Structure formats: structure tokens, C-alpha cells
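Please read the structure below before turning to the comments.
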Amino acid sequence: MPLSIINSFASWVLKQRIHQIELFLKYPNEVQEELLHNLLTASENTVIGKQYEFSSIKSYQTFAERVPIATYEELQPLIERTRLGEQNVFWETPIKWFAKSSGTTNAKSKFIPVSNEALEDCHYKGSKDLLCLYLNNNEDSELFLGKSLRLGGSSQIYENNNTFFGDLSAILIENMPIWAEFSSTPSSKTSLMSEWETKIAAIINETKNENVTSFAGVPSWMLVLMNKVLENTGKQNLLELWPNLEVYFHGGVSFSPYKEQYKNILPSKDFKYYEIYNASEGFFAIQDLNNSSDLLLMLDYGIFYEFIPMDTFGTPNQKVIRLADVELNKNYAIVITTNSGLWRYLIGDTVRFTSLNPYRIRVTGRTKHHINVFGEELMVENTDQAIAKACQITQTEVIDYTVAPIFMQDKEKGAHEWMIEFKKRPSDIGLFQKVLDETLQTLNSDYEAKRYNNMTLNPLVINVARENLFYDWLKERDKLGGQHKIPRLSNQRDYLEQLKEMQSIKV
């Protein structure tokens, strides 16, 4: 069958979904209410369903009063029971897949349950809807005349008590529908390779002669790959190698720091960038317009949404509201109830609504300080523990510190830059740096992956702060005492640059 016919047919099939999307655009709150009812009914006979008597919950108010907001640490005992083989704990159908994700206080990794329903009705549905919305906005697209270059995680699938765990991307590739496998490159075998340097070489070898029309992946990792592609082929930009490239589907980390670098290697005003918002816990939102980075909240993926205004988050008066009650341009922490059995789960992300009809959002950050410019998801708990370990090994004492990213420039990789004020300085700053870096890798598997062979992140950089630098910085801003403190981690360089400017000035 000619590729042009396949392209036309695939486009027609995908665009049939537009009518269903229009339904939840027209009746968003009704769709969400029905979804919550269905989730509760499906889980009445589970362990958690009996504990909270789901069978007698007939309204959102009762649901909110009876079922508590939960963090991963609070759900972990139930998740571990399922990982050990027990079923019907928090979801009605067997859970055999767990997406491994780092970032918790108590463990190196989280294991997020992924049900068959979540695979089909959330993750894969989200991928199809991404294509559907893109094709609906770009009638002349020739997306299916070629293939989509995908760049997933490096994790293998591991078996434990008849359950399996690995990177979400590896789980999705392992269970991928035939239609997606047919239209993707490289092969699943190459995509699932664990050794990153070998994997990137294999991807380049396998894809450089393909007709690639789109690519998908995390901006930081994809930039590493694309620079390697140009280096390997001797091309000046990607369009010389793949002239039919038309769109990059991206998510996972902020695209802002990388935008100009992508424009340099994709010098075409017609090239499109489409953002998605997904995670191990689910597929949440999709850019639905060509020239806006606002994301359409997808309301029929088996996920019921609630929101906590950030000005009440973590306080005794914490407020939790439904989608119907959100306001424009306020920061909210997201709470989700899913078809994988996550009940009122706090995923740790913050968003603000840019539109209420339809509901569109932008991801604004995390509920905690973090650095996630390169997908490393570095948490304050990680850096605090790493500082403590480095101080212990080198017999030093730290007064305060802050960390910011060094953004990728051209082909130069990123890094983390630290400003540390010591009470007792290390005799060997190189050893302190080494212990700090290695401890962070031990504590955080995502940071470890980005630091592997300096693939995305170069070794961290340490600036030794002069005496009283942080005190003077706070004093200048009238923030001495009380609850004021130094921001430990930031995705921007503002704080660090201010401190570096003050480094030579003694107040």
C-alpha cells in the first residue's frame, strides 16, 4: 500500500477522536463527576475500597471527607503488598507493571502502579490524542509518510513476584501497540538497550537513513542525541539529514532553556514544537494549538483531578477543590485519583490555569524546591544528605548553600553550580566535591543517569562563599530572622548570580 494512502488513512482514523474530545470540552465537570463515580464503583471490593466504604460514597463531598490526601510514602505499604504479589489491594484488576521513578525521601526510587486500564485508556490514549490534535491543526501534515524517532529511558524490565518494574518509557515500549511500533524508530530492541553510549550509537546508526518526520523525548536528552547525530553525519543541521522533519513532541522538563539551541539545529520557521505533560502516574495534558504552549487538560483518561491552592498548601487550613472551582493564574498543587488505584494522590507538581473554557494549564514547578532542568529531579532531601556525607568524610562544616543549573550552551553539556559557605573549610575541596557528587548519585537514580559518563551533566562546580555571604544577601533583602531562609535549589540562576555579584563585596 502506498505510504500516501497510509498517511491519509491514519490521519482520518486519529481525527475521529476529535468528536470525543469536544464532548469533554463541552461538559468538563460532568465528565469528571461520572469518572469519579466509575472509579469508586470499580474499586468497591478492593482493600482500600472496603476500608473507606466506597460503596456508600454517592457524592464528591463524601469522597473528599472520607478519603485522605496521600503522598507516596503513605501509599507505599499498599504498593509494596501488590509488588509482593497480592492483588485487589487498591485497584480491581491485577497490577503487574510498576514504573520506577526516583525522588522520595525514604527510598532511592518510587514504584508507581500501572494498570492495564492506565496503559490503554491513559498513556496510549494520550499518545494517540497528541497525534490527533496535531493533525487536526495541520491538515497538510505528512507525519505518516515517515517515522517518529523516539528516545526513551535506559532501564530494563525486571521481574519480581510475577510483577515487573522499569522506566515508564520501557514499560510503554514493551507493551506498545502494533500501529505505534510500525511508525516508530529505532526498533524496540534498540530503544530498550541499557548502556547509554552504546544505545545512542545504535540509534544513530539505525535512524540516520530513515525518513524521520518527527521526534519525541525529553529536551535535555534529545539535545545530547541530536548533537551526536550532527557530529556523526557531518551535517550542519537536522533538516539536511531529515528534510521532512516537521514536529518535535517534548515533555518531562522545561523546554525554555533549550529552545534557542533547537532553533539552531532546526532552522525552519515552519517546524513545530508540541509539549505534553505526562509522568509515571499518568498522561495529563497536551498542547492543542500550534502557537501556544498552554496545555489542554485531558479529562477522560481515567484520572479525577483535584487542586490545592499553593497559598494554603501544607498549612492547617489547606483547601482542596474540584476542577469546577479553580481560578485563572493561581498556583495549584495537583491531586489525582487514577485508574491505577492512586487515591487522592499528591504528585508534587504545581500548575496554573491559563484558560477555564476549555481548561488549559501550564506546569509551574514542584511543591518542593528542586532542580529538574535536565530531568535529574534533584530534591532538597538529596542535597542535604549529600552535604552531610561530604562533611562527615572530609571533616568539614557547612553554614549554608544554594544550587543552580549551568545551562547547556551549543554543544557544551550542563552542570550544577554550588555556592557553599563553610564554617570549617575542607583541606581538599576536590575530595569534598567528589564525595558530594557520588553521594548524590547514590541517593538519586535520575541524577545518577544524567551524570553517567558525563552524558548530560558535567561534574558539579563549587564556589566557596566568603564569610557571611548568605547573611549579607538576606540582610540586603530585609529577610533576616523569622521564617526566611536561603533557597536551596532553583531551576534558574537568579539567586546564584546575585550571590556571585556579592561575593567580592563585604557589607
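Which residues, taken from the stretch 79-100, are surrounded by 14 or more Cβ atoms within 10 Å (Cβ to Cβ) and touching a residue at least 60 places away in the same chain (Cβ under 8 Å)?
82, 83, 89, 90, 91, 95, 96, 97, 98, 99, 100
Taking into account only those residues within the stretch 352-403 that are on the phi < 0 side of the Ramachandran plot and acidic (Asp, Glu), which is surrounded by the fewest Cβ atoms within 10 Å (Cβ to Cβ)? Break it down stepwise before answering.
Filtering the stretch 352-403 for residues on the phi < 0 side of the Ramachandran plot gives 352-364, 366-374, 376, 378-394, 396-403.
Narrowing the set further to residues that are acidic (Asp, Glu) leaves 376, 381, 384, 397, 400.
Working: 376: 28, 381: 18, 384: 14, 397: 11, 400: 18.
That would be 397.
Name, by its number, the condition in (1) farther than 23 Å from residue 372 by Cβ; (2) in a loop (DSSP other than H, G, I, E, B) that does not hold for residue 304.
(2)
All but one of (1) over 25 Å from residue 188 (Cα atoms); (2) not in a loop (DSSP other than H, G, I, E, B) hold for residue 141; state the number of the condition that does not hold.
Failed condition: (2).
Does residue 270 count as under 24 Å from the mean Cα position of the chain (by Cα) and not in a helix (DSSP H, G or I)? Break it down into steps so the answer makes sense when it comes.
Working: under 24 Å from the mean Cα position of the chain (by Cα): no; not in a helix (DSSP H, G or I): yes.
Taking the combined requirement at face value, the residue does not satisfy it.
How many residues, within the stretch 81-112, are in contact with a strand residue (DSSP E or B) (Cβ under 6 Å, 6 or more places away or on another chain) and at pLDDT 90 or above?
Selection size over the stretch 81-112: 8.
Tally time: how many residues in the stretch 26-73 are touching a helix residue (DSSP H, G or I) at 6+ places or on another chain (Cβ under 6 Å), touching a residue at least 12 places away in the same chain (Cβ under 8 Å) and under 22 Å from residue 87 (Cα atoms)? Full working, then the answer.
Pass one, the stretch 26-73, residues touching a helix residue (DSSP H, G or I) at 6+ places or on another chain (Cβ under 6 Å): 29, 31-32, 40, 43-44, 52, 54, 57.
Now drop any that are not touching a residue at least 12 places away in the same chain (Cβ under 8 Å), which leaves 29, 31-32, 40, 43, 52, 54, 57.
Those still in the list that are under 22 Å from residue 87 (Cα atoms) too: 40, 43, 52, 54.
Number satisfying all stated conditions: 4.
Quick one: in the stretch 477-507, of everything that is at pLDDT below 75 and surrounded by 10 or more Cβ atoms within 10 Å (Cβ to Cβ), which residue is nearest to residue 372 (Cα to Cα)?
We begin by selecting, within the stretch 477-507, every residue at pLDDT below 75; these are 478-485, 505-507.
Add one more test, that the residue is surrounded by 10 or more Cβ atoms within 10 Å (Cβ to Cβ), and what stays is 479-480, 484-485, 505-507.
Values: 479: 27, 480: 28, 484: 23, 485: 21, 505: 31, 506: 33, 507: 33 Å.
Residue satisfying both the conditions and the ranking: 485.
Which pairs do you get when a residue that is over 12 Å from residue 393 (Cβ atoms) and without any contact (Cβ under 8 Å) to a residue 24 or more places away in the chain, found in the stretch 431-450, comes within reach of a residue that is surrounded by 20 or more Cβ atoms within 10 Å (Cβ to Cβ) and among the hydroxyl-bearing types (Ser, Thr, Tyr), reach meaning Cβ atoms under 8 angstrom, with the pair 6+ apart or on two chains?
If the second residue must be surrounded by 20 or more Cβ atoms within 10 Å (Cβ to Cβ) and among the hydroxyl-bearing types (Ser, Thr, Tyr), the pairs left are 441/447.
It is to be established whether one or more residues within the stretch 423-431 are at pLDDT 90 or above, touching a helix residue (DSSP H, G or I) at 6+ places or on another chain (Cβ under 8 Å) and among the aliphatic types (A, V, I, L, M). It would help to see each step written out before you state the result.
Keep residues of the stretch 423-431 that are at pLDDT 90 or above, which gives 425-431.
Pick out the ones that are also touching a helix residue (DSSP H, G or I) at 6+ places or on another chain (Cβ under 8 Å) and you get 426-428, 431.
Subsequent filtering for residues that are among the aliphatic types (A, V, I, L, M) retains 431.
Checked against the condition, which is being at pLDDT 90 or above, touching a helix residue (DSSP H, G or I) at 6+ places or on another chain (Cβ under 8 Å) and among the aliphatic types (A, V, I, L, M), the stretch 423-431 yields at least one hit.
Only residues that are of a type in the set (Asp, Glu) and closer than 26 Å to residue 411 by Cβ: list them for the stretch 254-294, please. Steps first, please.
Residues of the stretch 254-294 of a type in the set (Asp, Glu): 260, 270, 275, 281, 288, 294.
Answer for the stretch 254-294, where residues must be of a type in the set (Asp, Glu) and closer than 26 Å to residue 411 by Cβ: 260, 270, 275.
Listed residues 263, 235; which is surrounded by fewer than 20 Cβ atoms within 10 Å (Cβ to Cβ), outside the structural domain of residue 449 (by TED's automatic domain parsing) and in a loop (DSSP other than H, G, I, E, B)? Even if it seems obvious, please write down each step before you answer.
Values: 263 fails: in a loop (DSSP other than H, G, I, E, B).
Going through 263, 235 in turn, just one is surrounded by fewer than 20 Cβ atoms within 10 Å (Cβ to Cβ), outside the structural domain of residue 449 (by TED's automatic domain parsing) and in a loop (DSSP other than H, G, I, E, B): 235.
Which residues, taken from the stretch 426-459, are out of contact with any strand residue (DSSP E or B) (no Cβ under 7 Å at 6 or more places or on another chain), outside any loop (DSSP other than H, G, I, E, B) and of a type in the set (Gly, Ala, Ser)?
Residues satisfying the conditions are 430, 449.
For the stretch 352-389, which positions are in a strand (DSSP E or B) and touching a residue at least 40 places away in the same chain (Cβ under 8 Å)?
Just the residues of the stretch 352-389 that are in a strand (DSSP E or B), to begin with: 352-356, 359-366, 370-371, 378-379.
Once the filter is applied, which keeps residues that are in a strand (DSSP E or B) and touching a residue at least 40 places away in the same chain (Cβ under 8 Å), the stretch 352-389 yields 354, 355, 359, 360, 361, 362, 363, 365, 370, 371, 378, 379.
Any chance you could count how many residues in the stretch 188-224 are closer than 21 Å to residue 168 by Cα and among the charged types (D, E, K, R)?
Adding up the residues that qualify gives 4.
If you check every pair at least six apart or on different chains, which have Cβ atoms under 7 Å apart with a residue in the stretch 483-498 that is farther than 20 Å from residue 382 by Cα first and a residue that is at pLDDT 90 or above and surrounded by 12 or more Cβ atoms within 10 Å (Cβ to Cβ) second?
Close Cβ pairs satisfying both conditions: 498/473.
So which residues in the stretch 324-349 are hydroxyl-bearing (Ser, Thr, Tyr) and under 9 Å from residue 307 (Cα atoms)? Even if it seems obvious, please write down each step before you answer.
Keep residues of the stretch 324-349 that are hydroxyl-bearing (Ser, Thr, Tyr), which gives 332, 337-338, 340, 345.
Answer for the stretch 324-349, where residues must be hydroxyl-bearing (Ser, Thr, Tyr) and under 9 Å from residue 307 (Cα atoms): just 332.
Regarding residue 145, is this residue under 26 Å from residue 290 (Cβ atoms), surrounded by fewer than 21 Cβ atoms within 10 Å (Cβ to Cβ) and touching a residue at least 24 places away in the same chain (Cβ under 8 Å)?
Details: under 26 Å from residue 290 (Cβ atoms): yes; surrounded by fewer than 21 Cβ atoms within 10 Å (Cβ to Cβ): yes; touching a residue at least 24 places away in the same chain (Cβ under 8 Å): yes.
For residue 145, the condition - under 26 Å from residue 290 (Cβ atoms), surrounded by fewer than 21 Cβ atoms within 10 Å (Cβ to Cβ) and touching a residue at least 24 places away in the same chain (Cβ under 8 Å) - is met.
Here are the criteria: (1) over 23 Å from residue 474 (Cβ atoms); (2) hydrophobic (A, V, I, L, M, F, W, C); (3) surrounded by 19 or more Cβ atoms within 10 Å (Cβ to Cβ). Tell me which single one residue 431 does not satisfy.
Here residue 431 meets the rest and fails (3).
Scan the stretch 409-416 and give yes if some residue there is crowded, with 23+ Cβ neighbours inside 10 Å, at pLDDT 95 or above, out of contact with any His (no Cβ under 9 Å at 6 or more places or on another chain) and not in a helix (DSSP H, G or I), otherwise no. Working first, answer last.
As a first pass, look at the stretch 409-416 and keep what is crowded, with 23+ Cβ neighbours inside 10 Å: 416.
Subset that is at pLDDT 95 or above: 416.
With out of contact with any His (no Cβ under 9 Å at 6 or more places or on another chain) added as a condition, the list becomes 416.
Now restrict to residues that are not in a helix (DSSP H, G or I): 416.
Yes; the residues of the stretch 409-416 include at least one that is crowded, with 23+ Cβ neighbours inside 10 Å, at pLDDT 95 or above, out of contact with any His (no Cβ under 9 Å at 6 or more places or on another chain) and not in a helix (DSSP H, G or I).
Of the residues that sit in the stretch 32-52 and are under 17 Å from residue 78 (Cα atoms) and of a type outside the set (Gly, Ala, Ser), which one is nearest to the chain's Cα centre (by Cα)?
48
Filter the stretch 49-66 down to the residues that are among the aliphatic types (A, V, I, L, M) and buried (at least 18 other Cβ atoms within 10 Å of the Cβ) and list them by number. Steps first, answer last, please.
Taking the stretch 49-66 as the starting set, the residues that turn out to be among the aliphatic types (A, V, I, L, M) are 57, 64.
Hit for the stretch 49-66 is 57, nothing else.
In this structure, is residue 461 surrounded by 15 or more Cβ atoms within 10 Å (Cβ to Cβ) and either in the same structural domain as residue 395 (by TED's automatic domain parsing) or modelled with pLDDT under 95 (or both)? Let's see the steps before the verdict.
Numbers: surrounded by 15 or more Cβ atoms within 10 Å (Cβ to Cβ): no; either in the same structural domain as residue 395 (by TED's automatic domain parsing) or modelled with pLDDT under 95 (or both): yes.
Spelling it out, it is not the case that residue 461 is surrounded by 15 or more Cβ atoms within 10 Å (Cβ to Cβ) and either in the same structural domain as residue 395 (by TED's automatic domain parsing) or modelled with pLDDT under 95 (or both).
How many residues, within the stretch 347-389, are more than 21 Å from residue 293 (Cβ to Cβ) and hydroxyl-bearing (Ser, Thr, Tyr)?
2
The values are calculated or read from the model by the stated rules, or taken from the named source; none is laboratory data. Keep in mind the model is a prediction, meaning the values are calculated, not measured. Neighbour counts run over all protein chains shown; Cβ positions are idealised from the backbone, glycine included.
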